[in-house]
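What follows is a single structure, written as structure tokens, with notes after it.
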Amino acid sequence: MPLMQALSLRHSTREFSTRKIPDQVLGDLLWAAYGVNRANGDRTAPSWRHIIVIDVYAAMEDGLWLYDPTRHALVAHPAGDIRARTGQQDFPARAPLNLVYVAHGQRMSELAPENRKLFCSVDTAFIGQNVYLYCASVGLATVFRGAVDYPMLARAMRLPEEQFVTFAQTVGYPKGS
Ligand SMILES: Cc1cc2nc3c(=O)[nH]c(=O)nc-3n(C[C@H](O)[C@H](O)[C@H](O)COP(=O)(O)O)c2cc1C
């Protein structure tokens, strides 16, 4: 789909079908989100000084997975089905996929600590818009979310102290489709 058409279709949706996302579509979605698009390892979304601070996790019925962009693979992350804990609204629990964006703020060691959250959020926002545009182009529904119980989600994901969730984003087919 031409970019201009995808932009004209981009919008947030909060009603999802429970229909599973096929593996090929999931792979394309994750690549569009933050895949490697150059030989030097850089990504489809920009990063401050090429320093990759965001991990993309996929919370699905079959568990929690970390996207490894270098291998273009999902790596199991032992936590079970945590979809319901990725957001404070009702739809994340039933939608097939919730992306959770996790920051390694300490990698931005040259930034003052108070700026690290800001820069991590900006990195995440670019990824989120990639997801919106991919979804618009293939008929998937999505919404970027900040209504998250951050301490609870960090515990559910068993994140180490220095990592933190920036945002989450629900993806699925629109209800009734
Ligand atoms: C930083 C940020 C946080 C958001 N958090 C939520 C959220 O927690 N729940 C939700 O339903 N939508 C959330 N949204 C989506 C916005 O509500 C949505 O983008 C806005 O209503 C405009 O609608 P549109 O995306 O269809 O243009 C968030 C959007 C942004 C940019």
If amide H atoms are modeled at 1.01 Å from N in the peptide plane, then the residues at a separation of 5 or more from K175, or on another chain, having amide H under 5 Å from its own are E15, F16, S17
Taking 164-170, 24-30 and ranking on average Cβ neighbours within 10 Å, highest first, one gets 164-170, 24-30
Scalar couplings 3J(HN,Hα) for region 144-151 by Karplus 6.51 cos²θ - 1.76 cosθ + 1.60 (θ = phi - 60°), nearest whole Hz, x for Gly and Pro, are 7, 9, x, 7, 9, 7, 4, x
Hits in region 71-96: amide N under 11 Å from the 7 Å Cα→Cβ extension of D23, namely 74
Mean Cβ-within-10 Å packing, highest first, puts peptides 76-82, 148-154 in the order 148-154, 76-82
Once amide hydrogens are built 1.01 Å from N within the peptide plane, the residues lying 5 or more places from L97 or on another chain with amide H under 5 Å from its amide H are V171
Given 85-96, 62-73, the highest-first ranking by average Cβ count within 10 Å works out to 85-96, 62-73
A chain fully extended from E15 to A93 at 0.36 nm per residue, minus the present Cα-Cα distance, gains in nm 26.9 nm
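Readers should treat all values here as calculations from the given coordinates under stated rules, not as data from a laboratory. The model shown is predicted, which means the values in this text are computed figures rather than measured ones. Cβ sites come from the backbone with ideal geometry, for glycine too, and all protein chains shown count toward neighbours.
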